1. Quickly work out the residue 382-to-residue 250 label distance, labels modelled 7 Å from Cα along the C-beta direction, and quote it in nm with one decimal.
2. Below 8 Å between Cα atoms, with a sequence gap of 6+, how large is the relative contact order for region 268-312 in percent?
3. With r as the distance between the Cβ atoms of residue 188 and residue 109 and R0 = 30 Å, compute the FRET efficiency 1/(1 + (r/R0)^6) and round to 0.05.
4. At most 14 other Cβ atoms within 10 Å and a DSSP loop assignment: could you name the trypsin sites (Lys or Arg not before Pro) in region 84-137 that fit?
5. Between residue 294 and residue 52, what's the calculated FRET efficiency when r is the beta-carbon distance and R0 is 60 Å? Round to 0.05.
6. Suppose R0 equals 56 Å. What FRET efficiency, 1/(1 + (r/R0)^6) with r the Cβ-Cβ distance, do residue 331 and residue 79 give to the nearest 0.05?
7. Can you list residues from other chains, or at least 5 along the same chain, whose modelled amide H is less than 5 Å from the amide H of residue 342?
8. PRE reach from residue 365 (point 7 Å along Cα→Cβ): which of region 294-327 fall under 20 Å by backbone N?
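Quick note: the coordinates plus some simple rules give every number you see, no bench work behind them. Small disclaimer: the values here were computed from a predicted structure and weren't measured. Glycine gets a Cβ as well: all are built from the backbone with ideal geometry, and neighbour counts include every protein chain shown.
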Amino acid sequence: MKRIFTPAKKKTILIVDEDQFVTHIYREKLEEQGFKVEVTRDFGSALEALKKDVVDLVILDLCLPGINTVELIKNIRSDSAMQSLPIIAFANPYLSNLTRAAVEAGATKSVAKVDNTPEQIIELVRELGVSATSRMGVSGVGGALESNQEKLAAKLLINRPQILAKLRASYQNFTRTEREDLRRAALLQMHRHLRSLASGASVLAFQKIAQMSTALEALLIELYTEPVKITPSVVRTIAHSIETLASLVDRSANSKDEVITSRKILLVDDEVISREMICSALGRAGLPAKSLDDPLAAQRLLEGEHFDLIFLDVEMPGQTGLELCVKIRGMEPNRTTPIVFVTSHSDFGSRAQSTVSGGNDFIAKPFLLVELALKTLTWLFKESPRPLPTATTAQNRAPAKAGGHKSQLAAGHGALEPQRKSPAT
């Protein structure tokens with residue numbers, strides 16, 4: 001009797017993500033392993049796909065712009081037929097509350113999108129009990145996948161000037177209004193353009209772009225959720241991060257992103273809670289810091305040891321951060337090290353004072369943890385940051401024209417500032 005061979009039905013994986021580059025790579029990788037892959041990009045189409053066909057596993061990006069992904073997970077779990085459906089949630093490491101809510105809603109596993117490769121996700125799929133019926137054994141598939149990745153990457157790089165222009169335009173719209181609804185609309189547009197700009201960065205091993213965009217995305221989402229957290233300091237941080245990200249994208253067009261080496265960060269602050277918050281923010285970015293509460297001890301340390309970034313509290317007993325900064329600029333190991341002041345003041349006078357002391361930037365208390373992490377990455381990834389002149393070096397220069405010094409400070413600190421009133425507190 002002749003035996004009839006009936007091929008086993010392929011396991012189906014549904015990917016919910018609007019990132020065309022990432023979904024294309026994951027589709028190819030998973031199909032190579034013998035899976036059937038469906039891709040949807042919004043709430044409604046995801047539910048429709050789940051009702052239309054039997055899905056064996058869902059991969060969902062929690063940070064989809066304008067979509068309540070936690071509610072989507074709840075909707076999936078409300079269907080008795082899908083209560084045990086494995087759901088892998090791509091999370092942002094800075095948004096722990098969102099990740100926790102997704103797990104409580106029913107996500108099976110949450111993983112950081114920026115830290116995992118498609119190969120690692122495929123292994124996780126198998127660990128969750130979803131195995132392909134058969135693996136494709138077509139010769140040259142690997143080479144074809146690499147070729148497709150290169151074509152997609154080239155397309156992204158070609159489009160980057162237009163995407164950057166849209167991102168900057170959205171930022172300008174954000175700064176020109178006080179209306180909450182228009183601010184949220186601009187934040188949503190920035191989020192969408194950011195994802196387009198950084199699309200596939202982690203897959204393509206552009207580590208710095210991936211890290212910067214992950215932190216900026218988290219900040220945009222937090223501000224979209226709670227617009228009351230928008231401050232002049234936050235707006236300034238966003239502006240600087242966009243320009244640093246643009247520089248990184250421009251560099252990636254010519255060569256692979258450099259390997260991220262360990263960085264040395266020093267924090268000098270006499271307040272325990274402030275030090276703990278800053279160290280927590282840096283920890284989320286994977287950046288350990290040495291912290292000191294005594295500015296005089298910090299001065300002795302800095303005389304013989306180089307650091308890549310220094311945070312100084314402005315108001316400290318014994319020696320202020322401004323005074324310490326002036327001394328640091330006379331020390332060879334840290335003459336050009338970026339210095340960021342942590343201050344409770346955000347007015348122009350405070351910015352001018354920090355500049356004259358030799359500081360590069362400031363962040364105003366109370367600050368968001370993700371804001372500080374983003375500011376840190378911005379300075380660490382800048383190309384050859386140089387300090388602004390201190391009061392001592394300024395005196396050795398030829399006198400500026402009347403009003404020239406003030407104009408220089410305004411240009412240095414206000415070039416990317418929003419031209420609007422500070423939000424009401």
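1. 1.5 nm
2. Numbers: 28 pairs, mean separation 22.4, N = 45.
Result for region 268-312 is 50 percent.
3. Details: r = 28 Å, r/R0 = 0.92.
Approximately 0.60, to the nearest 0.05.
4. Values: sites: 100, 109, 113, 126, 135; in loops: 135.
Listed in order of number, the matching sites are 135.
5. Numbers: r = 65 Å, r/R0 = 1.08.
Computed FRET efficiency for residue 294 and residue 52 comes out at 0.40.
6. Numbers: r = 64 Å, r/R0 = 1.15.
About 0.30, to the nearest 0.05.
7. Hits under the 5 Å cutoff: 312, 313, 314, 363.
8. 294-299, 310-326
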